[in-house]
Amino acid sequence: MIRLYDSPVSPCCMKVRLCLAEKALNYESVAVDLGGKANLEAEYLAMNPKGVVPTLVDDGSTILESTLINEYLDEKYPGASLKPSSPEEKVSMRLWTKLIDEELHPANGAVIWPILSLERLSQRDPDEVIESLSRHPDPKRVARQTTIFQEGYGAQVVGEGLKVFAKTLEKLESSLAHSEYLVGERISLADIGILPYVNEVIRFGLDQMAEDKPLTRAWFDRMAARDSYGVAIAGVLGEAQWDAIADRGRKAWPEMRNHLS
């Protein structure tokens, strides 16, 4: 049995759940309470020393890093391949997943983390919050989250992350002028990898970033119409929860968009 150590709105978990759904694979989901810092407990760190989600355990093997997990699942299990057939298109697919890992996901923590966390953290003792944030083993993450907690949406790091999102949306719009999906005419791990981040733009109250991106919106609608999206993303929270996140994002947007002017 495949076991996925999981968190509902983590984009890395979303993309693994999307892959599992597209491959029609059964698995056990083990919730990791990120707000409660369960990812920093010794038992979890023994599996994943970076203290991040997801972690996949399959037949006694522990697989880390969501991009590698999806490659592993697609190669190990039968069913429709989620990789293109030609070597050239496989390179194109991996250029997208490389962009996600090296640029988009690092920016995600500066753009989405405050939408999900600042309101909750503002109700706690500031010294307690900073101590809690400092427990994470990644010093860059600690520095980023501490700065955002202290400076809010006006923090320079938020602007830097938002610009990466804007640049990615431009690249998406340009790419989709040539095909319905990111690499050719069928879904691949590139689409699965990008979808959680576009979902954040559309459903986290930042949708004005995509209002002049009709091809990206049409691609999102195609992806959201798939059964995998309902199972892996839409269905993991109730509509009231999605609405609450979107409301926080819409309230933050007037200050956030100043970074793009």
Modelled FRET efficiency - R0 25 Å, TYR77 with ARG222, Cβ distances, 0.05 increments: 0.55
On alpha-carbon atoms, Rg over Rh for the chain using Kirkwood Rh? 0.95
Name the residue from PRO254, ALA244, LEU133 whose Cα lies farthest towards the positive end of the charge dipole of segment 87-260, charges +1 on Cβ of Lys and Arg and -1 on Cβ of Asp and Glu. LEU133
Segment SER122-LYS98, extension gain: residue separation times 0.36 nm, minus the distance between their alpha carbons: 5.2 nm
So how far apart, in nm, are the two label points at LEU45 and LEU215 if each is 7 Å from Cα heading toward Cβ? 4.6 nm
Length added when fully stretched, GLU185-ASP138, from 0.36 nm per residue minus Cα-Cα: 13.0 nm
Can you tell me how much longer the chain between GLU151 and ASP59 gets when fully stretched, taken as 0.36 nm per residue apart minus their C-alpha distance, in nm with one decimal? 28.6 nm
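At a 10 Å Cβ-Cβ cut-off, how would you order LYS213, LYS15, fewest neighbours first?
Arranged by neighbour count, lowest to highest, LYS213, LYS15 become LYS213, LYS15.
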Phi angles of segment 134-151, converted by Karplus (6.51 cos²θ - 1.76 cosθ + 1.60, θ = phi - 60°) into ³J(HN,Hα) in whole Hz with x for Gly and Pro, give 5, 6, 5, x, 9, x, 5, 5, 4, 5, 5, 5, 5, 4, 5, 4, 7, 10
Pseudo-spin-label distance ALA244 to VAL30, built 7 Å along Cα→Cβ, given in nm, is 2.7 nm
Averaging over every viewing direction, what projected area does the convex hull of the Cα atoms of segment 32-74 cover, in nm²? 3.1 nm²
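Each value in this text was obtained by applying a stated rule to the coordinates, not by laboratory testing. Just so it is clear, the structure is predicted and the values come from calculations on it, not from any experiment. Methodologically, a virtual Cβ is constructed for each residue, glycine included, from the backbone with ideal geometry; neighbour enumeration extends over all protein chains shown.
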